[in-house]
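Heads up, the thing below is written out as structure tokens.
The values are calculated or read from the model by the stated rules, or taken from the named source; none is laboratory data. Please read these numbers as outputs of a predicted model, since none were measured by experiment. Here the Cβ positions follow ideal geometry from the backbone for every residue, glycine too, while neighbour counts run over all protein chains shown.
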Amino acid sequence: MQLIDVTRMVVRSDPNAIAAEFLETQRKTDRTLKVYCEDGAIRVLSGIPLEEFKDQYNSPTDDDAFLNSLRENQVRFLIYKDLPGSRLKTIVARIRARQGNDGITLEEVVPKPRAKSAQNVIVYRVHDREIAKASKRQGQLRQRQE
């Protein structure tokens, strides 16, 4: 009976751990990675220094200013989790309704677990024409320096 319980615990997929592992892997390939995440558990589990994250405390409250801050800070991933008091739900819905009209699109990049979870965590890759241009320029500068 104990073996069954242990197996259930190990096999059960934790959306927080899945998102954190994904971020950790991305950070290993890009040390300049910027992420917007309001959930403390995911930030801690990822192993990325907490000061590297953008969250509701260091981001503007106005929707347009928030979108601009994603651009200015070159945020590459946005972690959505339905948390009390979070305004991300409306911002994500707005971005997805206007896909590309304001230059930003969101792409779901982490598969959802098979089992339904009480915690809905979605990892979005932030696509923005301005960010892509800035990243390309940075890559060209690095190549010249090498």
Which numbered condition L78 misses (of (1) within 18 Å of R125 (Cβ to Cβ); (2) not in a strand (DSSP E or B); (3) not small (G, A, S)): (2)
Extreme residue, modelled with the highest pLDDT, among residues of region 9-59 that are β-branched (V, I, T) and in a loop (DSSP other than H, G, I, E, B): I48
Yes/no for G103 being at pLDDT below 85 and at positive phi: yes
